[in-house]
Amino acid sequence: MRVGSGFDVHAFGPGEALMLGGVRVAHAQGVIAHSDGDVLLHALCDALLGAAGLGDIGEHFSDSDPRWRGADSAQFVTQALQWVSAAGWHVINADLTLIASAPRLAPHRARIRERIAGLLAVPVAAVNLKATTTEGLGFLGRGEGIAAQAIVLLDGS
Ligand code: MG
């Protein structure tokens, strides 16, 4: 078995929605990003790559590569999962944490879990999604951006 972790941050910017775990969530702001700026999927992608010893998201999907401008981050997860599978691993479970003052995760949690489970080809019960704030502290507490953490466990196929 192998474990991997991922962490991602994006600053809020102009916009009216965020992509969170592959789900569009209406919000008073968007995020500044080269791709769609989906912090949950970016952290998940890094956790997958990390568990399999395959590097990180920036190495494979550079934010200076025009191919990934405005990219749907679901394709990063799908590609990372293909590499993980090719290396002889499959996902046991994923545990993700959204760290933000806003938006609230609760109304979207079920849809996001389902979407992530679909991307990982695992049952919904194998994907857990948590949310926390930083109690008003730091850049996340000031509402300057949004962060996510992910942990993935793999087993040999
Ligand atoms: Mg990112």
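Would you give the gap between the C-alpha center of the range 3-43 and the C-alpha center of the range 54-127, rounded to a whole Å?
11 Å
When the convex hull of the C-alpha atoms of the range 86-143 is computed, what volume per residue in Å³ does it have? List each step's numbers first, then the result.
Values: hull volume 5.9 nm³, N = 58.
Residue-normalised Cα hull volume stands at 101 Å³.
Starting from the Cα-Cα distance between Ala106 and Ala28, subtract it from 0.36 nm times their residue separation and give me the gain in nm to one decimal.
Details: separation 78, 0.36 × 78 = 28.08 nm, distance 1.70 nm.
Extending this stretch completely gives an extra 26.4 nm.
In nm, give the distance between the simple-model label positions of Gln79 and Met1, each being 7 Å from the Cα along the Cα-to-Cβ direction.
Result: 3.0 nm between the two label points.
Using Cα atoms only, what is the angle between the long axis of helix 39-52 and the major principal axis of the chain, expressed in degrees (0 to 90) to the nearest 10?
The helix 39-52 is inclined about 20 degrees to the chain.
Express the relative contact order of the chain as a whole percentage, based on alpha carbon pairs under 8 Å and six or more residues apart in sequence.
Values: 361 pairs, mean separation 51.9, N = 157.
Result for the chain is 33 percent.
Calculate, for Ala11 and Ser157, the FRET efficiency according to 1/(1 + (r/R0)^6) with r their C-beta to C-beta distance and R0 35 Å; round to the nearest 0.05. Working shown, then result.
Values: r = 38 Å, r/R0 = 1.10.
The computed FRET efficiency comes out at 0.35.
What nm distance separates the two modelled labels at Leu137 and Ala86, each placed 7 Å from Cα along Cα→Cβ?
With each label placed 7 Å out from Cα toward Cβ, I get 4.3 nm.
The numbers here are math on the coordinates, done by the rules we state, and not lab data. Keep in mind that this is a model prediction, so the values were computed, not measured. Heads up, the Cβs are rebuilt from the backbone with ideal geometry, glycines too, and the neighbour counts pull from every protein chain shown.
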